[in-house]
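Heads up, the thing below is written out as structure tokens.
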Amino acid sequence: MKRIGFLSFGHWGPVQGSLTPSAGDALLQGIDLAVAAEELGVNGAFFRVHHFARQQSSPFPLLAAIAARTTRIEMGTGVIDMRYENPLYMAEEAAATDLISQGRLQLGVSRGSPEPALRGARYFGYEPADGEDDAAMARRHTAVFRHAIAGRGVAEADPSYVGGGRGLLPIQPTSLGLPQRIWWGAGTRKTAVWAAEQGMNLMSSTLLTEDTGVPFDQLQAEQISMFREAWSAAGHGFEPRVSVSRSIIPVVDAEDEHYFGLRAQVDNRDQVGMLDGALSRFGKSYVGEPDSLAEELAQDAAVQSADTVLITVPNQLGVDYNIKLLGNIAKYVAPAIGWEAPKAPTRA
């Protein structure tokens, strides 16, 4: 059974046509969108995290607010740039948010993506140690974070404190089950294998920072296959989850045609280019008639291999438009990839 969720980049700014002119607008609309998406039966509300940009930068207040307003939908990130994070403070924030949600938090973390700031993490107080690069620092922060959320000791007890305890103290609070709901945003096949070895779920977007000449969905499906093989070999005690992101825009009325009609002609094929010095492959957008999109997505090898599909949404067009968009996907497109709306709870 497939899950579908939305992935918002959280853009805001006073630009022409934007319904999110301020950060407050983007945050409040993110909450409203998650509430309405839950009513549609959408399984997840995920948010991109970017620093020094007019996007979401501090996800936990937003995710906690969504948790308090909903009962079923998962909420998460795609992804938190671990170069910037204090791992122990993040562990406290994540555990508290997960407790508010009663176990619905799904955290995507990673090395991060290209950013506006030059070596931005240093302004947050973090520099790679001797012999490290940015990726190694992000992985080190991730290891400390995962150690802490598992309830393991991290700080020496003060024997002069009331009670005279000794040994290592864990962070508080902790939330059982959260360690199994951490995802690594992998941009290559190699990093997907590493994530499997570490026991993290796999989050793969519409970009891979490598290219072998095959279509994007096939390269991503190979990444997923290698992840699952490595997971099986590692012998972890639970089944992993795998998500992929897709831009899906069913064109069903004049409003859709106005916003996205031209995009259907431009973004209907993979693109290859340089990103951070690496030859990268970008996946195509799915824009057009709902029946055609359903057929195309049913043939998308990576969509078929994943258990969760995150649909990028144009958040600056406002809640009403994005709920219409998600409703059309749920009605016309998602059933073709194996998704079913959750059944309403029965009343006693």
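Structural remarks
- Average accessible surface area per residue within the stretch 3-337, 1.4 Å rolling probe, Å²: 45 Å²
- Range in the chain, longest, excluding exposed trypsin sites (Lys or Arg not before Pro) [loop by DSSP; at most 11 other beta-carbon atoms within 10 Å]: 1-165
- Among Thr212, Thr77, Thr174: highest mean-square fluctuation, GNM of the chain, C-alpha pairs under 10 Å: Thr212
- Using the Cβ-Cβ distance between Leu168 and Ala129 with R0 = 25 Å, the FRET efficiency computed as 1/(1 + (r/R0)^6) comes to roughly 0.65.
- Taking Glu92, Glu115, Glu38 as the candidate residues, the one with maximal mean-square fluctuation in a Gaussian network model of the chain, Cα springs under 10 Å, is Glu115.
- Assuming charge only on the beta carbon of Lys and Arg (+1) and of Asp and Glu (-1), the dipole of the chain about its Cα centre is about 720 debye to the nearest 20.
- For the stretch 1-146: rounded, prolate or oblate by the Cα gyration tensor [a/c cutoff 1.5]: oblate
- Contact order relative to length of the stretch 19-106, as percent, for alpha carbon pairs under 8 angstrom and 6 or more apart: 29 percent
- Cα gyration tensor, the stretch 244-340 - rounded (a/c under 1.5), prolate or oblate: oblate
- Residues whose amide H comes within less than 5 Å of that of Gly103, counting only those at least five positions distant or on another chain, are absent (H built at 1.01 Å from N in the peptide plane).
- The stretch 98-157 shape via C-alpha gyration tensor axes, a/c threshold 1.5: oblate
- Taking every C-alpha pair closer than 8 Å and separated by at least 6 residues, the mean separation divided by the residue count of the chain gives a relative contact order of 20 percent.
- Multiplying the residue separation of Ser292 and Glu257 by 0.36 nm and removing their Cα-Cα distance gives an extension gain of 11.1 nm.
- Where Cα atoms sit under 25 Å apart: lysine pairs in the chain separated by 8 or more or lying on different chains: 9
- Note on the chain: with neighbouring protein chains present and a 1.4 Å probe, carbon and sulfur make up 53 percent of its accessible heavy-atom surface.
- Were the residues from Arg119 through Val154 laid out at 0.36 nm apart, the gain over their Cα-Cα distance would be 9.8 nm.
- Cα long-axis angle, helix 254-266 against the chain (0 to 90 degrees, to the nearest 10): 80 degrees
- Helix-only mean residue ellipticity at 222 nm for the chain, each DSSP H run of n ≥ 4 adding -39500 (n - 2.57), per residue, nearest 500: -11500 deg cm²/dmol
- Calculated FRET efficiency, Tyr89 to Tyr332, Cβ-Cβ distance, R0 = 35 Å: about 0.20 to the nearest 0.05.
- The antiparallel fraction among DSSP beta bridges confined to the chain stands at about 20%.
- Scanning residues 5 or more positions from Gly10 or on other chains, those with amide H under 5 Å from its amide H are Arg48, Asn315, with H placed 1.01 Å from N in the peptide plane.
The values are calculated or read from the model by the stated rules, or taken from the named source; none is laboratory data. Small disclaimer: the values here were computed from a predicted structure and weren't measured. Cβ coordinates were reconstructed from backbone atoms using ideal geometry, including for glycine residues, and neighbour counts include every protein chain displayed. Heads up: the accessible areas ignore ligands, DNA and RNA and are worked out on the full protein's heavy atoms, side chains in. Shrake-Rupley method; radii C 1.70, N 1.55, O 1.52, S 1.80 Å.
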